[in-house]
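The next block holds one structure in the form of structure tokens; read it before the comments.
Just so it is clear, none of the values below were taken in a lab; they were calculated from the coordinates. Since we're looking at a predicted model, the values are computed, not measured. A quick note on method: Cβ atoms are made from the backbone with ideal geometry, for glycine too, and the neighbour counts reach across all protein chains shown.
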2 protein chains.
Amino acid sequence: MRKIGIDLGGTNIAAGIVDENGVILCKDSVPTGASRPKEEIINDIAALCRTLTAKMGLTLSEIDSVGIAVPGGVDEKSGEILFTPNIPFSGLNICKILSDKLDGRRVRVANDANAATLAEVFAGAAKGADNAVMITLGTGVGGGIVIDKKIYSGSNGLAAEIGHFVLQMGGEKCGCGRRGCFEAYASGTALIRMTKEELNTCFMSGEATLMAEAKEVSARTAFNAFREGDKAAARVIERYTDALASGIASLINIFQPDVFIIGGGISNEKQFLIDLLQPKVDAEDFARGAKKRTRLCTATCGNDAGIIGAALS
Amino acid sequence: MRKIGIDLGGTNIAAGIVDENGVILCKDSVPTGASRPKEEIINDIAALCRTLTAKMGLTLSEIDSVGIAVPGGVDEKSGEILFTPNIPFSGLNICKILSDKLDGRRVRVANDANAATLAEVFAGAAKGADNAVMITLGTGVGGGIVIDKKIYSGSNGLAAEIGHFVLQMGGEKCGCGRRGCFEAYASGTALIRMTKEELNTCFMSGEATLMAEAKEVSARTAFNAFREGDKAAARVIERYTDALASGIASLINIFQPDVFIIGGGISNEKQFLIDLLQPKVDAEDFARGAKKRTRLCTATCGNDAGIIGAALS
């Protein structure tokens, strides 16, 4: 079986031909040029699909289906993109338009975070799972839900806004307008804020900290200093992982999935992060007496997740 | 189609014969006698099924399936009751045992809150929905999740512990051992606590309040005084519905279901409660710009929910 997966990003359009196990057989990418008219972008997507097909010595009729992952809300049933903030595709029935340009191949659309979660279930950290929940810790907190090996996107295509449940009523202001969202405590942006707050406290008290040596505070600053034994960094990491683990345990109590996956930039801390989180999650998971418990891990599909997930959606 | 639904409670065993639309054709109940040996209880359940069948002029061979709703964790696939705190059935494969006593009829088991949610989807407030989430506000906060018209119970049968996501890190102590769970702010018990706290404040400041006239503070005390225009009660209801709406909006952001159902004792406030919650939820729902939004309502199946949901599970 040969499927095409397209990962439509604000900067690049990446696409690949994927087999039924989620293995990418060949891939390529072109710049999105998101400020161009939508027709030009769509033509580039279609051309990329034809290029890949030709590269594999195939014709489009030998492609079983095409999937496209989009950073925004989609209606999987109708094929419409509901909104996508950084690409001029809001309101577009991308499935119909692309299908017409690809000799009538069936085209599906998915939200990119949902597609990435599906990729982890078929070809990554959650291989073999029926039910999986993923959070991506980056500038914000994204998420995806897979139930019975299928993307769950709710009744309007907008489910899995996992960054936007309240962890602290009246707490930190969130980008979404609410206060106290999980995102405001678990994102890379939140970790940077906590690091800066701790640096300020150290500055006021005169406590030395390795974190002060960073040219620019990033989501890695506290983790790196913590590994060197820095006490102030330990306080930042404790505070950050307390909130992150609390949110993860909450989601596990709601979903009890086979696997809970952490993706995004902060997941590069890999097993080091998992080892910090596991005992905190264990202590808060409601099913702590259960025979079968959720496995916590970091994502492994990396930049290919969108292509794989789109192809298999 | 004729199905038997059994609602196994700590006090009574209620059962009914239910058609494919979730309509109860006849029903009956017997005391559970939960302190008796399990064999006696099981024999009573089987006898109740035979009584109902005879009452309808049917034989067991004319019953398509049997379902039993249990207050505890269950493994729907294996048919085992994982734990049920108040009935001596933990570890029992209730499906196999009951099937043997009912001439080999297929028996299914479900958690009672999950079964109640399914009942609302087939025969109650969420009729016609594909995806629904329900919370029951009573002594604690229970919950159920229905996805694609099927109960979602996670990978270990213990999902939908919707009362136990953290709404306030480090907040009120919850019965589960964590701090700040939704249950600790949204249950009837929490409302009683808030009412008592406000009564105490009034007592200290000398403010008059109708709530002081209640012989015993219940979950109705503040609602009743609020309807009479009592200012202290208004503060209690504001605080309670703020927290309840925040939790509901969080769950809607995660699931975006067709319908969000409120059940349990507090749902007797019906449209009065919904009217208080709707603007608060609307303001916090991430999908506020979406064409299709979650409908918020109270449960309608009442005490029959367990029977109907068990039959259709």
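Any chance you could list the semi-axes, whole Å, largest first, of the equivalent ellipsoid that the Cα gyration tensor gives for the protein assembly as shown, using √(5λ)?
Semi-axis lengths for the protein assembly as shown are 42, 34, 23 Å.
Can you give the relative contact order of region B:127-300 as a percent, counting alpha carbon pairs under 8 Å and 6+ residues apart?
Worked out over region B:127-300, it gives 22 percent.
Using a Debye calculation, one point per C-alpha and no hydration shell, please list log10 I(q)/I(0) for region A:1-131 at q = 0.15, 0.22 Å⁻¹ in order.
-0.67, -1.43
For B:Cys176, B:Cys95, A:Cys181, what ranking results if the residue with the fewest other Cβ atoms within 10 Å of its Cβ goes first?
Lowest to highest Cβ neighbour count: B:Cys176, B:Cys95, A:Cys181.
How about B:Lys196: which lysines have a C-alpha closer than 29 Å to its C-alpha, ignoring those fewer than 8 places off in the same chain?
B:Lys173, B:Lys215, B:Lys231, B:Lys270, B:Lys280
Suppose we keep just the alpha-carbon trace of region B:127-300; what are its Rg and Dmax in angstrom?
Taking only Cα atoms of region B:127-300, I get Rg and Dmax of 16.6, 54 Å.
To test your reading of the geometry: what angle, between 0 and 90 degrees and rounded to tens, separates the Cα axis of helix B:270-284 from the longest principal axis of chain B?
That helix lies at roughly 70 degrees to the long axis.
Excluding residues fewer than 8 places away in the same chain, name every one of the lysines whose C-alpha is closer than 19 Å to that of A:Lys101.
A:Lys3, A:Lys38, A:Lys55
Placing a label point 7 Å from Cα toward Cβ, how far apart in nm is A:Val23 from its equivalents in the other copies, listed shortest first to one decimal?
Label point to label point, same position, other copies: 5.6 nm.
Hey, for A:Glu40 with labels 7 Å out along Cα-Cβ, what do the inter-copy distances come to in nm, ordered shortest first?
Shortest to longest, the spacings are 8.3 nm.
If you place +1 on the Cβ of every Lys and Arg, -1 on the Cβ of every Asp and Glu, and leave all else neutral, what size is the dipole of the protein assembly as shown about its Cα centre, to the nearest 20 Debye?
Once rounded to the nearest 20, the dipole reads 380 debye.
Can you list residues whose amide H is under 5 Å from B:Leu296's amide H, if they're 5+ apart or on another chain and H is modeled 1.01 Å from N?
So B:Leu296 has HN proximity to B:Phe260.
Which distances, shortest first and in nm, link A:Lys196 to the matching position in the other copies, using label points set 7 Å out along Cα to C-beta?
Copy-to-copy label distances for A:Lys196: 4.4 nm.
Hey, if you drop one equal point scatterer on each alpha-carbon of chain A and run the Debye formula without solvent, what base-10 log of I(q)/I(0) do you get at q = 0.08, 0.09, 0.15 Å⁻¹?
Debye curve over Cα of chain A, log10 I(q)/I(0) at q = 0.08, 0.09, 0.15 Å⁻¹: -0.39, -0.49, -1.14.
Provide Rg over Rh for region B:174-242; use the alpha carbon set for both Rg and the Kirkwood Rh (inverse mean inverse pair distance).
Ratio of gyration radius to Kirkwood radius: 1.00.
Enter the Cα centre distance for the pair region A:192-218 and region A:267-313, rounded to the nearest angstrom.
Region A:192-218 and region A:267-313 have Cα centres spaced 29 Å from each other.
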